[in-house]
1. According to a simple spin-label model (label point 7 Å from Cα along Cα-to-Cβ), what is the distance in nm between ALA267 and SER433?
2. If amide H atoms are built 1.01 Å from N in the plane of the peptide, which residues on other chains or at least 5 residues away come under 5 Å of the amide H of LEU12?
3. Just to confirm the number: angle between the C-alpha axis of helix 119-147 and the first principal axis of the chain, 0 to 90 degrees, nearest 10?
4. Between 0 and 90 degrees, rounded to the nearest ten: what's the tilt of helix 150-161 against the longest Cα principal axis of the chain?
5. Using θ = phi - 60° and the Karplus relation 6.51 cos²θ - 1.76 cosθ + 1.60, list the HN-Hα couplings for region 435-449 in order, rounded to whole Hz, with x at every Gly or Pro.
6. Taking a quarter of the surface of the convex hull around the Cα atoms of region 147-205, what do you get in nm²?
7. According to the Cα gyration tensor, what semi-axes, each the square root of 5 times an eigenvalue, does the equivalent ellipsoid of the chain have, listed from largest to smallest in whole Å?
8. Evaluate the distance, in nm, between pseudo-label points positioned 7 Å from the Cα of ALA74 and of THR361 along their respective Cα→Cβ axes.
Amino acid sequence: MVDTPTTPRLKLGAPRGGEVNAGSRAPYGWAPLAVLFVVGLVDRIEFNLLSGVLPAIQAEWGFSDTAAGSIPTASALAAALVALPAGYFADRHSRTRIIAVVVFCWALATLGSGLAAGFAMFYAMRVFLAAAESIDNPSAGSLLADYYPPATRAQAYGWTRVTAYLGGVGTLLGGVLAEAFGWRSAFLIMVVPGVLTALLVWRLHEPVRGHLDRVVANAAPADPADPGVGTGPVLGADSGLATAEAPASGASAPKPPFARQLREVLAIRTLLAVSIGLMLLSLGLAGVFYWLPSLLVRNFGVGPAAAGSLSGIMTIVGVVSGTLIGSWLGRRWHGTRKGGRLLAGGGGITAGSVVLAAGLTMDSLATFCLVVTASSVLTSMAIPNMTASLADVIGAASRGLGFAVLQVLITAGAAFGPLIVGIASDSSGSLISAMYVLIVPMVVGGLLTLSARGFFESDARRVLEAARG
């Protein structure tokens, strides 16, 4: 088990003088957030290149919509298989080293995709890429909670998790490059940023696991009935300095066996409700947005490059705007309303799903794009709020495994969305009809996340009380 932080010298995000300023909103600075944002962005660009180049690849190799829809399905299933072991590993070893190695593996898989001689090899490379991408998520989620206190976790998780929904960048890039230089160029070009990002992560400082939780717990009111407990207290300037190298409470304690640790994580009600809700949301969004460029080509008569560009713009504008609005609402409602972050995120998911259903009925391209963008804004309000809420209810020693559970369920949802739409499209002859199949699960997911408001406060309070003890 490696809980000892790497040497601060020459490391990005190392606290000055080896001490954490307990009154800071970013005790380790904003460099870790920037680096992990780049990691997530490169991840999603690499993964979503396929959506933009899909029309060109289908034209070259001639496979069906069902076969095309099975690529992300097989990829997601492979990712789900490694997610829980990755979380278990993240709770016991250097998280920055795990991420750096994984990002380098992404670059290799992207290179293999661009050099694939046939559909079988290409398929295998996409599955390998997805499996590798799933390994870094638990480590990144655990790291962010050790870099940033509850007061700024929504912002930190928002800007790293927003990349999971910025697939539009990859879709746009893939469509433009495929039309200009051939579809292989899109994958070959992305090898370079993958390697550079791996080197950047290698220089990232590893914080002591759980140390920031202990500082927050000691700064929070000791009375369990106090509403400040578990609602993300802002560390006061008089809290002083805490040595970054000091072991966190429980950080050096022996970790429980995998099965017992998993049972403890699954007993967290907020985690289960939010994760299942986000799984249903991912089912719908993955199915709709994977096929969105193809829908624009088939139903509105636009070219592949324009379809990729429009899909990318809708996603990017919607996700960035939704994240900003969600962050603002989350800060405003956190601690002032019951489960305030969950109210902002779950409400956005529910409303956004209904708006998307309306958007699919539009015959005008301009109106269609505007309404789909609006639905993306609403659903993206969940990004900065849901993950920050989970960080508040999972103890530091098990955050890797907790985020792995989230990753497994989200990945499972995303696995079947594109395949369901592909099968329904082949059966009905209509992509729009196929997409409607996924609207109801999205609405149910939003309502389920809203239901977690009933037990968030008590789950979060237990984490702070354990850290204080």
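1. 5.0
2. Those qualifying (amide H under 5 Å, at least 5 residues apart or on another chain) are LEU204, HIS205.
3. Between the helix axis and the principal axis of the chain, the angle is about 20 degrees.
4. For helix 150-161, the angle is close to 20 degrees.
5. Once rounded to whole Hz, the list reads 5, 5, 4, 9, 5, 4, x, 5, 5, 4, x, x, 5, 5, 5.
6. 5.0
7. So the equivalent ellipsoid measures 37, 25, 18 Å along its semi-axes.
8. 3.9
Since every read-out is calculated from the coordinates, none of them should be taken as a lab result. The structure presented is a predicted model; accordingly, all values stated were derived computationally and were not measured. Reconstructed Cβ throughout: ideal geometry from the backbone, glycine too, with neighbour counts over all protein chains shown.
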